[in-house]
1. Of the conditions (1) within 42 Å of the chain's Cα centre (by Cα); (2) under 19 Å from Ala234 (Cα atoms), Gln126 satisfies every one except a single condition; which number is it?
2. Output yes when any residue across region 132-146 is closer than 24 Å to Thr169 by Cβ, surrounded by 10 or more Cβ atoms within 10 Å (Cβ to Cβ) and of a type in the set (Lys, Arg), and no when none is.
3. Check off (1) over 19 Å from Phe216 (Cβ atoms); (2) surrounded by fewer than 15 Cβ atoms within 10 Å (Cβ to Cβ) for Phe149 and give me the number that stays unchecked.
4. Just checking, does region 177-189 include any residue being under 47 Å from the mean Cα position of the chain (by Cα) and among the charged types (D, E, K, R)?
5. One residue is enough: does region 99-109 have a residue meeting the conditions in a helix (DSSP H, G or I), acidic (Asp, Glu) and at pLDDT below 85?
6. Of the conditions (1) assigned to a helix (DSSP H, G or I); (2) more than 23 Å from Thr243 (Cβ to Cβ), Ala153 fails just one. Which one is it?
7. Out of the residues in region 160-216 that are of a type in the set (A, V, I, L, M) and not in a helix (DSSP H, G or I), which is nearest to Val237 (Cα to Cα)?
8. Select from region 135-150 the residues that are in contact (Cβ under 8 Å) with a residue 60 or more places away in the chain and part of a loop (DSSP other than H, G, I, E, B) and write down the one among them that is farthest from Asn212 (Cα to Cα).
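The values are calculated or read from the model by the stated rules, or taken from the named source; none is laboratory data. Just so it is clear, the model here is predicted, and its values are computed rather than measured. Methodologically, a virtual Cβ is constructed for each residue, glycine included, from the backbone with ideal geometry; neighbour enumeration extends over all protein chains shown.
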Amino acid sequence: MMKRLPPWLLLTAEFIVFAGLVALLTILDHAAGMKMMVIVICLLTPALLLAVIFTLRYATKEQQNITTNLKKELDAEKREYQTIQAKFDEAIEKRTFELQRVNGALNREIAERIQAEEEVRGLQKQLHLILDSAGEGILGLDNQGRVIFMNKAASLMLGWESEELIGNTHHELIHHTLPDGSTHPVEICPIYMAYRDGLVHYKTGDIFWCKNGTSFPVEYVSTPIRDRGMLTGAVVVFRDMNTYK
């Protein structure tokens, strides 16, 4: 299929042909005379005008075709853009819905966790109030013998504030020496044995040492703490036997 020539090229070719004919007529003027030249010009001028008109109509039609094709391309691109935009909007709407759903679930979980933490704090407060109301001294120990809890009665009897004793090993501070003044080996300490062998140990005729270096006779029971079958520490409940004389 032959490629169409652009209108400007057709017009250029027509004027070149016309100029060539005029040059040819100039030559014929000398050869055949003025009369022949006039006849040829009269014949060529209408033909040239028709060619120009045809070329202009052709150019107009070509321009219309180009405009139509451009419009079709623009319409196709517009439809494609609208399709892409619709898919994009749909994806955003879907993602927004998913985020709202997840955010709602997360907010509910946070609210439930806050409520659970408040309930735990409330229970811990009640437990502390109960333990602080007890007349006996109570110590909570981990499985390394470190103090993790001490009630008010224990603090008063031992002379230690809870902040001073918590985190320290009980045996080194309050149970390091026997009543006869000899060193108390930790291996035979009934409190130590409770969170090692998992048995309840009761002891009387023993002594605990205070912060100021004095001691007092005690009676105590050391009970192991278990969590999911594992020994995690012990609870020691003791009383100052001087108050029961």
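1. Going through (1) within 42 Å of the chain's Cα centre (by Cα); (2) under 19 Å from Ala234 (Cα atoms) one by one, Gln126 breaks only (2).
2. yes
3. (2)
4. Restricting attention to region 177-189, the residues satisfying the condition of being under 47 Å from the mean Cα position of the chain (by Cα) are none.
So far as region 177-189 goes, no, none of its residues is under 47 Å from the mean Cα position of the chain (by Cα) and among the charged types (D, E, K, R).
5. Residues of region 99-109 that are in a helix (DSSP H, G or I), as a first pass: 99-109.
So of that shortlist, the ones also acidic (Asp, Glu) come out as 109.
Remaining after also requiring at pLDDT below 85: none.
The answer is no; no qualifying residue exists.
6. It fails just one condition, (2).
7. Residues of region 160-216 of a type in the set (A, V, I, L, M): 165-166, 173-174, 178, 186, 188, 191, 193-194, 199-200, 207.
Retained after the next criterion (residues that are not in a helix (DSSP H, G or I)): 166, 178, 199-200, 207.
Numbers: Ile166: 16, Leu178: 19, Leu199: 15, Val200: 11, Ile207: 13 Å.
Here the residue is Val200.
8. At the first step, the residues of region 135-150 found to be in contact (Cβ under 8 Å) with a residue 60 or more places away in the chain are 135-143, 148.
Next cut, part of a loop (DSSP other than H, G, I, E, B) only: 135-136, 143.
Details: Gly135: 22, Glu136: 20, Asn143: 27 Å.
Here the answer is Asn143.
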